[in-house]
Amino acid sequence: MDKQKSGDNKMSGLEKPPQKQPITACLLSAAFFGALGSSFLYGYNLSVVNAPSQYIKKFYNKTWFDRYGEPIGSETTTLLWSVTVSIFAIGGLCGALSVSFFIKILGRKGTLLLNNSFAVVAALLLSLGETATSFEMLIIGRFIMGVDSGIALSALPMYLGEISPRHIRGSIGQFNSILICTGVFTGQVLGLPQLLGHESRWNYLFSFLAFPALLQMCVLPFLPESPRYLLIEKRDETAAEKAFQRFLGKKDVSQELEEVHAEARAQENLNTISVLQLLRTPAVRWQLITVIITMACYQLCGLNAIWYYTNGILTEAGFAPSILPYITLSTGAIETLAAIVSGLVIERIGRKPLLIFGFTAMAVFFSLLTVFLNFQDRVSWMPYLSYICILAVIASFCSGPGGIPFVLTGELFEQSYRPAAFMIAGIVNWLSNFTLGLLFPFIQQSLQTYAFLVFVVVCLLGATYLYFVLPETKNKTFVDISQSFAKINKIQVPTPSQEMEMVLSIKPHANGNVQDACRLESSF
């Protein structure tokens with residue numbers, strides 16, 4: 001009976017629900033400025049090349065003529081433009097492959113700060129390419145900007161997930177999605193002909209890239225590093241305590257420190273493991289499968305392909321080409337609004353319901369869009385319904401699938417696995433992005449208006465998998481989430497008495513450093 005009581009009372013600080021203290025200015029600043037110089041730039045680059053595309057092609061033609069004394073061929077123009085657009089994804093893949101290396105050496109905050117240098121260099125190349133009469137500078141600049149985005153989409157969610165109290169971890173994590181959507185919308189607004197989307201001003205669209213990066217460089221150095229990184233990987237409990245105090249706005253952070261100590265004790269190895277080691281670890285097999293499937297569905301659910309149809313549907317609806325850019329702004333506005341709403345409700349509704357709802361709703365509206373597209377030539381008002389479906393698909397995506405996959409990647413893995421997990425998630429993300437861009441034109445050519453049925457299947461399969469496999473992660477510690485997968489991974493969870501023995505046998509040193517965690521024996 002005493003043993004049971006001891007087990008029930010163990011780590012009582014961890015068993016208490018977290019106190020819902022107000023969000024501090026330090027935490028909000030880290031979330032906003034971290035996302036402003038990272039995910040905002042990614043979103044901005046998704047939309048910024050659309051408005052000046054005709055001017056950039058004209059610049060390619062003029063540069064080619066000045067060099068070789070003859071007009072550029074149409075096929076060569078198409079090739080150069082395709083490379084300019086698609087090399088962004090290649091750079092993103094390279095960034096995702098390198099992020100684990102940078103994070104291990106520089107930490108989460110240090111990696112974000114270093115990443116700003118890529119954005120500034122890319123901004124210089126892209127904005128000065130016309131002056132230097134070099135289209136190669138534009139292509140290289142787009143590649144470097146892709147590297148920046150590949151690093152940012154891994155380092156930022158990791159940083160936000162580790163600095164946030166668990167009762168608002170999802171909401172803080174959604175800053176990533178909100179700023180992506182804000183970046184897309186900003187690119188659409190600045191690309192208007194009255195602003196920077198003009199032949200004489202298009203290079204300033206790329207100069208703008210430097211401002212968010214410079215703002216982050218001015219603010220982020222004064223904010224703390226991830227406390228979990230400081231405590232578990234750097235073994236600096238004093239720095240971790242100070243970081244927790246600033247992020248949480250209170251002096252007594254013993255409960256948060258003990259939670260991180262418990263996470264350290266639960267891990268077999270405190271050293272950051274490699275991708276190959278992660279792939280070989282049975283204890284995280286289904287977490288990894290879940291992240292891979294969720295991230296693949298994030299790209300393959302069809303949102304990027306929806307842009308192929310938007311202008312065509314608006315033209316069919318009778319809108320004049322001159323006002324199409326202004327009508328298209330509604331897509332960016334809906335995207336941003338849905339992401340904000342998702343961030344506000346994620347801690348009440350949970351990650352799993354929002355993901356399943358988002359994918360299911362996308363499948364429904366893609367199905368309706370297919371029907372409306374097939375009747376578009378027969379009924380005069382049908383294009384308006386098609387456009388409403390496009391807005392509904394965008395809103396459904398941003399309600400959950402647009403940001404939660406990045407939050408989940410940080411939540412499903414404990415500290416030593418997290419960098420490798422984000423690297424794999426990034427690789428899947430960018431490869432899926434590239435694959436969709438490569439294959440969708442052929443899918444569209446073969447299936448015509450039925451092309452969106454492919455995405456209906458992807459969305460339904462993703463929702464079904466998440467319904468049966470994914471546990472709810474809101475308001476849970478990283479250890480609790482890992483243990484939620486113990487049964488499906490066929491890993492036996494330690495009993496309360498065995499956990500208590502670990503607690504008593506491993507204590508922090510008096511000088512504030514953490515001892516190496518003991519290995520959890522297979523007999524557990």
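Brief remarks follow.
- Residues that are in a helix (DSSP H, G or I), surrounded by fewer than 24 Cβ atoms within 10 Å (Cβ to Cβ) and charged (D, E, K, R), drawn from the stretch 118-146: GLU136
- Scanning the stretch 192-210 for residues that are among the small types (Gly, Ala, Ser) and open to solvent by 10 Å² or more (accessible area, probe 1.4 Å), we see that the one that is farthest from PRO52 (Cα to Cα) is ALA210.
- Condition broken by ALA463, with the remaining ones in (1) buried (at least 24 other Cβ atoms within 10 Å of the Cβ); (2) small (Gly, Ala, Ser); (3) over 23 Å from LEU276 (Cα atoms); (4) touching a Phe, Trp or Tyr at 6+ places or on another chain (Cβ under 6 Å) satisfied: (1)
Every residue, every condition in (1) modelled with pLDDT of 80 or more; (2) under 30 Å from ILE390 (Cβ atoms); (3) surrounded by 17 or more Cβ atoms within 10 Å (Cβ to Cβ); (4) within 21 Å of the chain's Cα centre (by Cα), yes or no:
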{"site": "TRP430", "(1), (2), (3), (4)": "yes, yes, yes, yes"}
{"site": "GLN445", "(1), (2), (3), (4)": "no, yes, no, no"}
{"site": "TYR450", "(1), (2), (3), (4)": "yes, yes, no, no"}
{"site": "THR473", "(1), (2), (3), (4)": "yes, no, yes, yes"}
{"site": "GLU501", "(1), (2), (3), (4)": "no, no, no, no"}
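- Residues that are touching a residue at least 60 places away in the same chain (Cβ under 8 Å) and open to solvent by less than 40 Å² (accessible area, probe 1.4 Å), drawn from the stretch 70-92: PHE88, ALA89, GLY92
- Verdict on PHE413 being of a type outside the set (Asp, Glu), farther than 25 Å from PHE88 by Cβ and buried (at least 21 other Cβ atoms within 10 Å of the Cβ): yes
- Residue count, the stretch 32-55 (criterion: of a type in the set (Gly, Ala, Ser), part of a helix (DSSP H, G or I) and buried (at least 24 other Cβ atoms within 10 Å of the Cβ)): 4
- PHE206 more than 19 Å from the chain's Cα centre (by Cα), farther than 30 Å from ARG246 by Cα and part of a helix (DSSP H, G or I): yes
- Just one of (1) under 20 Å from the mean Cα position of the chain (by Cα); (2) closer than 23 Å to SER330 by Cα fails for PHE422. It is (2).
- From the list PHE102, PHE59, PHE118, the lone residue that is hydrophobic (A, V, I, L, M, F, W, C) and modelled with pLDDT under 90 is PHE59.
- Criterion (surrounded by fewer than 17 Cβ atoms within 10 Å (Cβ to Cβ) and touching a residue at least 60 places away in the same chain (Cβ under 8 Å)) met by exactly one of LEU369, LEU344: LEU344
- Verdict on LEU128 being of a type in the set (A, V, I, L, M, F, W, C) and over 18 Å from the mean Cα position of the chain (by Cα): yes
- Screening PRO401 with (1) open to solvent by less than 40 Å² (accessible area, probe 1.4 Å); (2) assigned to a helix (DSSP H, G or I) gives one miss only, at (2).
- Test: residue in the stretch 276-297 that is closer than 25 Å to LYS476 by Cβ, open to solvent by 10 Å² or more (accessible area, probe 1.4 Å) and not in a helix (DSSP H, G or I): yes
- When we screen PHE478, PHE434 for residues that are open to solvent by 60 Å² or more (accessible area, probe 1.4 Å), at negative phi, within 24 Å of the chain's Cα centre (by Cα) and at pLDDT below 90, the only hit is PHE434.
- Of all residues in the stretch 106-117, one or more are over 23 Å from THR435 (Cα atoms), buried (at least 16 other Cβ atoms within 10 Å of the Cβ) and charged (D, E, K, R).
- The listed residue being of a type in the set (Val, Ile, Thr), part of a helix (DSSP H, G or I), open to solvent by 10 Å² or more (accessible area, probe 1.4 Å) and in contact (Cβ under 8 Å) with a residue 24 or more places away in the chain, out of ILE151, ILE168: ILE168
- Some residue of the stretch 213-232 being within 30 Å of LYS57 (Cβ to Cβ), crowded, with 23+ Cβ neighbours inside 10 Å and not charged (D, E, K, R): yes
The rows are residues; the columns are (1) outside any helix (DSSP H, G or I); (2) farther than 24 Å from VAL458 by Cα; (3) touching a Gly at 6+ places or on another chain (Cβ under 6 Å).
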site	(1), (2), (3)
ILE323	no, yes, no
SER330	no, yes, no
ALA333	no, yes, no
ILE340	no, yes, no
PHE372	no, no, no
GLN376	yes, yes, no
ILE388	no, no, no
ALA395	no, no, no
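The values are calculated or read from the model by the stated rules, or taken from the named source; none is laboratory data. Here the structure is a predicted model, which means the values were calculated and not measured. Neighbour counts are summed over all protein chains in view; Cβ atoms, including those assigned to glycine, are modelled from backbone coordinates with ideal geometry. Please note that ligands, DNA and RNA were not included when accessible areas were found on the heavy atoms of the full protein model with its side chains. Shrake-Rupley method; radii C 1.70, N 1.55, O 1.52, S 1.80 Å.
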